[in-house]
Amino acid sequence: MGGFAMPNSVRAHRRFTTILGTVAALLLGATVALAQSYPTAPVKVVVPFGASGATDLLARVFAEQLQQRLGQPFTVENRAGAGGQIAAAAFARAPADGYTLLFATAAPITVAPLLSSKVQYDPRKDFVPVAQVAVQPVWLCVNAKSQFTTMADFVKHAKDNPGKLSYGTSGVGTELHLVAEGLARSAGIEMVHVPFRGGAPVVQALMGQQVDLVFLSTTSIAGPVSQGAFRALAVSSPERLRAFPGVPTMAELGHPSVTMVPWWGMFAPAGTPPVIVDRLTQALQAASKNETVHERLKATLVQFEFAGPQEFARRLQAETAQYRDLISAAKLKVD
């Protein structure tokens, strides 16, 4: 007895399934080939600040590592201006092919869009997080000759004398400024902000006692604190740092909302193939563990804290919410 005849619809379905399987296999093969071959040409790493700063130094060290690991030149291009916005706006228009990357801080990513209505890009839509590679907290310091020996002393004086104390930072809307605003809000005090252009002038101002206190990065305060010129009263990291174990965190002193840690990370244009992002992420993770990298950046006192795309994106979302709240409460605008 002969078998049942196969309906035309069943045969058509099987042919369609076979075709789909073939296409899927071809696409998978193409994806694997893309991941294995990338990069096949030089890659540009845009730094939204000038040369010789901490961001530039980190970018160059990590670009060198990517070049060694991926076999093509990774060239750093500095494009300073408007707190990183000029570079970020141009980067948002770059091809999504993995051959233009951005190495940045929070300034053009989570801060600028909250401070200005004139920002010409949307980091959430235009950029893809590749990896966070390092962090560095913010320090509250006074001159060693200051009457303030603890943060409690400073807060009490500020409450008794609202608007009388002045503090310096490296600029309006910087992470340093936002930490200061966060502490003022948490402690219920009023201070006068004196913004400078960069960290070095802030250090000089406190040396000369032109301001009462400062909020600065580890790189800026390490020398003066170690030499006894500055007294560190608190740090914005979640835990005390090994280099300065005697300095308490803001959270320890009753201000957990002031736990903020500026970061450095890499981004690709939105639409960059995930396999390319993954290849870059893996290379950066390996580089962040490399002893040569640690040694070359030892003087900066950065902390190597790696986060892949998903974790980095989560942190950026939380940071944006935290900064939005602070900027709104302080009525900060730079338009």
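The table for this structure:
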quantity: Net lengthening on full extension, residue 52/residue 70 (0.36 nm per residue, minus Cα-Cα); calculated: 4.0 nm
quantity: Gained length - residue 159 relative to residue 324, 0.36 nm times residue gap less alpha-carbon distance; calculated: 56.9 nm
quantity: Mean residue ellipticity (222 nm) of the chain, computed from DSSP H runs ≥ 4 via -39,500 (n - 2.57), nearest 500; calculated: -13500 deg cm²/dmol
quantity: The range 138-258: relative contact order in percent, alpha carbon pairs under 8 Å with at least 6 residues between; calculated: 36 percent
quantity: Size of charge dipole - the chain - debye, nearest 20, with Cβ of Lys, Arg +1 and Asp, Glu -1, no other charges; calculated: 580 debye
quantity: Distant alpha-carbon pairs in the range 138-258 (separation over 27 angstrom), percent; calculated: 5 percent
quantity: FRET efficiency estimate (nearest 0.05) - Cβ-Cβ, residue 144 to residue 305, R0 41 angstrom; calculated: 0.85
quantity: DSSP-defined antiparallel bridges as percent of all bridges, the chain, nearest 5; calculated: 60 percent
quantity: Förster radius 56 Å - calculated FRET efficiency between residue 125 and residue 207, Cβ distance, rounded to 0.05; calculated: 0.80
quantity: Inter-label distance, nm, simple model (7 Å from Cα along the C-beta direction), residue 333/residue 257; calculated: 2.3 nm
quantity: Computed FRET value (nearest 0.05) for residue 36 with residue 290, which takes r as the C-beta separation and R₀ as 22 Å; calculated: 0.50
quantity: Relative contact order %, the chain, counting alpha carbon pairs below 8 Å whose residues are six or more apart; calculated: 25 percent
quantity: Pairs of Lys in the chain closer than 30 Å at Cα, counting only those 8 or more apart or on different chains; calculated: 20
quantity: Helical segments meeting 20 Å axial Cα length and Kyte-Doolittle -0.5 threshold in the chain (DSSP H); calculated: 8-37, 54-70, 274-288
quantity: Point-charge dipole on Cβ atoms (K/R +1, D/E -1) for the range 236-335, about Cα centre, debye to 20; calculated: 120 debye
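FYI, it's all coordinate maths here, none of it is from the lab. Please read these numbers as outputs of a predicted model, since none were measured by experiment. Cβ sites come from the backbone with ideal geometry, for glycine too, and all protein chains shown count toward neighbours.
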